[in-house]
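Taking it in order: structure first as structure tokens, then the write-up.
Where a number appears in this text, it was derived from the coordinates with a stated rule and is not lab data. Predicted model, so just to flag it, every value in this text is computed and none were measured. Glycine gets a Cβ as well: all are built from the backbone with ideal geometry, and neighbour counts include every protein chain shown.
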Amino acid sequence: DQQVKQNSPSLSVQEGRISILNCDYTNSMFDYFLWYKKYPAEGPTFLISISSIKDKNEDGRFTVFLNKSAKHLSLHIVPSQPGDSAVYFCAASEIPYYGGSQGNLIFGKGTKLSVKP
Amino acid sequence: DAGVIQSPRHEVTEMGQEVTLRCKPISGHDYLFWYRQTMMRGLELLIYFNNNVPIDDSGMPEDRFSAKMPNASFSTLKIQPSEPRDSAVYFCASSARTGFGNTIYFGEGSWLTVV
């Protein structure tokens with residue numbers, strides 16, 4: 001039973017256009033969400049995060065939107081560049097409370113983004 | 001500033017053999033995670049440690065898998081005996097407890113092929 005779902009295994013966009021990667025989750029206890037990017041033969045690298053107290057977080061060309069009522073988040077890349085071609089993983093965790101365990105990240109299966117020149 | 005270091009990067013072994021994967025976390029990080037990536041299941045958490053103590057090993061597939069963390073700078077994941085279905089990329093990752101959030105830093109992975 002997947003708690004974090006990325007329903008699109010792949011996405012292809014033209015250079016300069018917007019890329020929108022989607023992620024849904026089922027666990028209402030999740031309060032912190034991250035996106036990781038993974039190139040072939042490398043480990044995933046952290047890209048951007050958002051906590052439940054926000055509905056938007058922006059970092060350069062990357063923006064993550066969170067809709068808690070819909071249990072949905074999305075990553076927007078504008079403008080898309082060929083170097084953005086990679087697998088993008090959505091991940092979620094519960095905010096650690098004082099004295100509690102930090103827990104761990106639950107990952108989706110990833111979406112492979114291809115940006116064509 | 002060294003990241004998470006894993007070895008070997010690639011391993012090809014015969015079914016039934018023992019496989020040991022190694023990991024050195026980022027210095028100062030008190031959490032260490034072992035993940036496995038396959039096409040079918042994506043990134044799955046196998047086990048994680050906090051201050052060298054295993055906290056959750058519910059993701060370990062079966063008794064053939066074991067993991068240890070004898071000190072803060074070293075961990076192993078062992079498969080004995082190995083089977084072809086264990087072929088995957090195994091990632092080690094580490095993180096530090098922060099007041100807010102949980103950013104995990106991954107190694108480059110160990111690519112295991114069991115034939």
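Details
- In the protein assembly as shown, taking the dipole from charged Cβ atoms about the Cα centre, the farthest positive-side position among A:90, B:80, B:33 is held by A:90.
- Size of chain A from its Cα atoms: along the principal axes, largest to smallest, the extents are 49, 29, 24 Å.
- Label-point gap, in nm, between residue A:7 and residue B:20 - each point 7 angstrom along Cα→Cβ: 4.7 nm
- Relative contact order, percent, the range A:6-117 [alpha-carbon distance under 8 Å, six or more residues apart]: 37 percent
- FRET efficiency for residue A:72 and residue B:71, using Cβ-Cβ distance with R0 set to 35 Å, rounded to 0.05: 0.25
- Sparse-neighbourhood loop sites, GluC sites (Glu not before Pro) in the range B:2-56 - DSSP loop, at most 14 other Cβ within 10 angstrom: B:14, B:18
- Prolate/oblate/rounded call for the range B:27-115, Cα gyration tensor, a/c under 1.5 rounded: prolate
- Unit charges on C-beta of K, R, D, E only; dipole of the range B:1-65, Debye: 200 debye
- Efficiency of FRET between residue B:63 and residue A:27 - r from beta-carbon atoms, R0 22 angstrom, step 0.05: 0.20
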